[in-house]
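Here is the structure we will look at.
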Amino acid sequence: MAGLYSSSSRPLISSSAHPSQQLFTSRLLLLLTLLPLTLACLAFVLQWRGGLTDPVTRWSPDHHQFPGMDTNLAATTVRASSSGCADVLGRSNSPSFPYYKDWKFDFGSDLRPKICLTTSTSAGLEQTLPWIFYHKVIGVSTFFLFVEGKAASPNVSNVLESIPGVKVIYRTRELEEQQAKSRIWNETWLASFFYKPCNYELFVKQSLNMEMAIVMARDAGMDWIIHLDTDELIYPAGAREYSLRQLLSDVPSNIDMVVFPNYESSIEREDIKEPFSEVSMFKKNYDHLPKDVYFGNYQEATRGNPNYFLTYGNGKSAARIQDHLRPNGAHRWHNYMKNPSEIKLDEAAVLHYTYTKFSDLTSRRDRCGCKPTKQDVKRCFMLEFDRAAFIIASTATEDEMLRWYREHIVWTDKTQNIKLLRKGVLTRIYAPMVIVQGLRESGVFSSVIASAQTNLSKDNSLSSGKSSNTTRESKSEVISSRKMGDISHSQSTARRILEYTGNATYTLAIPPKSPPGPDELDIET
């Protein structure tokens, strides 16, 4: 009976328990399925209605809004738009640049290493402001601007002086007297460039200014110094972030100098107005190409010009601030006590925006007094293309200049462009365009101009009784003294740094050099 009971009872128990277990399991599965879907829908609805903070906003310095969307900044931008001066650089009032909170860029100013740029410039705000703030974005904290010409005019210099981290040095009589006593004038490594016009004169000025900038950089506690023209941007490729600071922080401590090969702009239109925002195609440096690719495509890449690059091809460099540092021309640095150890970066570069605007032809012509002959232009220009461009700009009509510009500078053959892009001779680089355009649309440029105009109005109201000429002359003297420090102190500091010459080496200054040509193939091989 027990066996029968047992055998008869199992079906009864099984038949009564199985449906309930199935029902429980199905309900549990349904609940587990619906719960995450419900939560996801709820999160979507809340975020759509503005109830959640997205990750970018959560980690920004201001948790309430994107950096650059400050209401005061927007108001400043609107005010600036009413000014013709601000309209040059402020095209849009829509804030879209999420890196820093406002145009002062104080965020992260205590980070290491501290990097400074020095330049000698006569450019206006339309070129200088994008140059400064682009480099602020990638980690430069201090700028030593040696200004003259348009850059030294009150409308431009007042704006430059208002930017945190920017030190403006004017080419005054006092400055020239101080530089005439510098060590460079008593040495031979730069002597071959003395007393020559145009590019040679600029090369000497740059070297003298770099010598002073070294002392200023030491006083400011800088770790690295770079000399750069205002038509050049550092491209920090190879860093874990798009950061020059990150790139230089990874350099071994025993390295004194870092060489950045230069890439040259290859414009595709003759109506470029804002090169940093409109140019994306560049010709790679010889140092970043396989030899067979470089020499195998040399003729096509040259396009009938004297050389592979229109202008120089030996890059620019960064130097670690240390005792006995000196410039070695505008492209390199040296040391009075040793031969500096250097490395050349295989990804990072200097982007050189050369002859990007048609007006560059006439501007070079207007600032040089040489005769437009093949023999006389050698006194003014070191590179062949500069000489040819000067002759064309001095002798041709406007239509002839434009035709020459299209043939020699503008890359209008799309088929050839694609071919050289595929070969790797040409490359597309968009990061500077994005950064500069983002800065412009965020109102950074218009804001700094508006701020400077406000401060200038206050200054003018306090000194309305003085003539403009007198005010300008006294201002130049005051700024020259204030920005550079006491002249006698700077001279003694320079002497103290450079007085020891026990193992001094007198390497001749490195001028701008063209890239290697086909006749150097055997040497390179």
Roughly how many Å is it from the Cα centre of segment 364-385 to that of segment 135-205, as a whole number?
23 Å
Share of Cα-Cα pairs in segment 253-403 beyond 24 Å, whole percent, is 46 percent
Amide H proximity to S317 below 5 Å, modelled H, separation 5+ or other chain, gives H227, F260
Sparse-neighbour loop sites [GluC sites (Glu not before Pro); segment 325-424; at most 15 other C-beta within 10 Å; DSSP]:
E347
When every protein chain stays in place and a 1.4 Å probe is rolled, Y294, Y242 sorted by accessible area with the largest first are Y242, Y294
With every protein chain in place, what's the accessible area of T38 (1.4 Å probe, Å², nearest 10)?
90 Å²
Let me see the P(r) profile for segment 189-331: every Cα-Cα distance counted, bins of 5 Å, each bin given as a percent of all pairs.
2, 8, 14, 17, 18, 17, 14, 8, 3, 0
Pairs over 24 Å Cα to Cα, from K357/K414; K284/K357; K284/K378; K167/K316; K378/K419; K291/K316, come to K284/K378; K378/K419
What accessible surface, in Å², does a 1.4 Å probe find on D366, ignoring ligands, DNA and RNA and rounding to the nearest 10?
110 Å²
Solvent-accessible area of W404 with every protein chain in place, 1.4 Å probe, in Å² to the nearest 10
30 Å²
For segment 141-150, Karplus-derived ³J(HN,Hα) couplings (6.51, -1.76, 1.60; θ = phi - 60°; whole Hz; x for glycine and proline) come out as 9, 9, 10, 10, 9, 8, 10, 7, x, 4
Between W404 and D323, what is the label-to-label distance in nm when each label sits 7 Å out along the Cα-to-Cβ direction?
5.3 nm
Taking only protein heavy atoms and a 1.4 Å probe, what accessible area per residue, in Å², does segment 233-274 have with all protein chains in place?
39 Å²
Heavy-atom surface of segment 295-408, accessible at 1.4 Å and reported per residue (Å²):
41 Å²
In nm, to one decimal, how far is the modelled label at L508 from the one at T397, with both set 7 Å along Cα→Cβ?
4.4 nm
Can you compute 3J(HN,Hα) from phi for each residue in segment 126-136, using the Karplus curve 6.51 cos²θ - 1.76 cosθ + 1.60 with θ = phi - 60°, rounded to whole Hz and x for Gly and Pro?
4, 9, 6, 4, x, 4, 5, 6, 4, 6, 4
So the pair-distance distribution of segment 196-244, from every Cα-Cα distance in 10 Å bins, comes to percents of 21, 37, 32, 10, 1
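The values are calculated or read from the model by the stated rules, or taken from the named source; none is laboratory data. Please read these numbers as outputs of a predicted model, since none were measured by experiment. Neighbour counts are summed over all protein chains in view; Cβ atoms, including those assigned to glycine, are modelled from backbone coordinates with ideal geometry. Areas reflect the complete protein model, heavy atoms only, side chains present, ligands, DNA and RNA absent. Shrake-Rupley method; radii C 1.70, N 1.55, O 1.52, S 1.80 Å.
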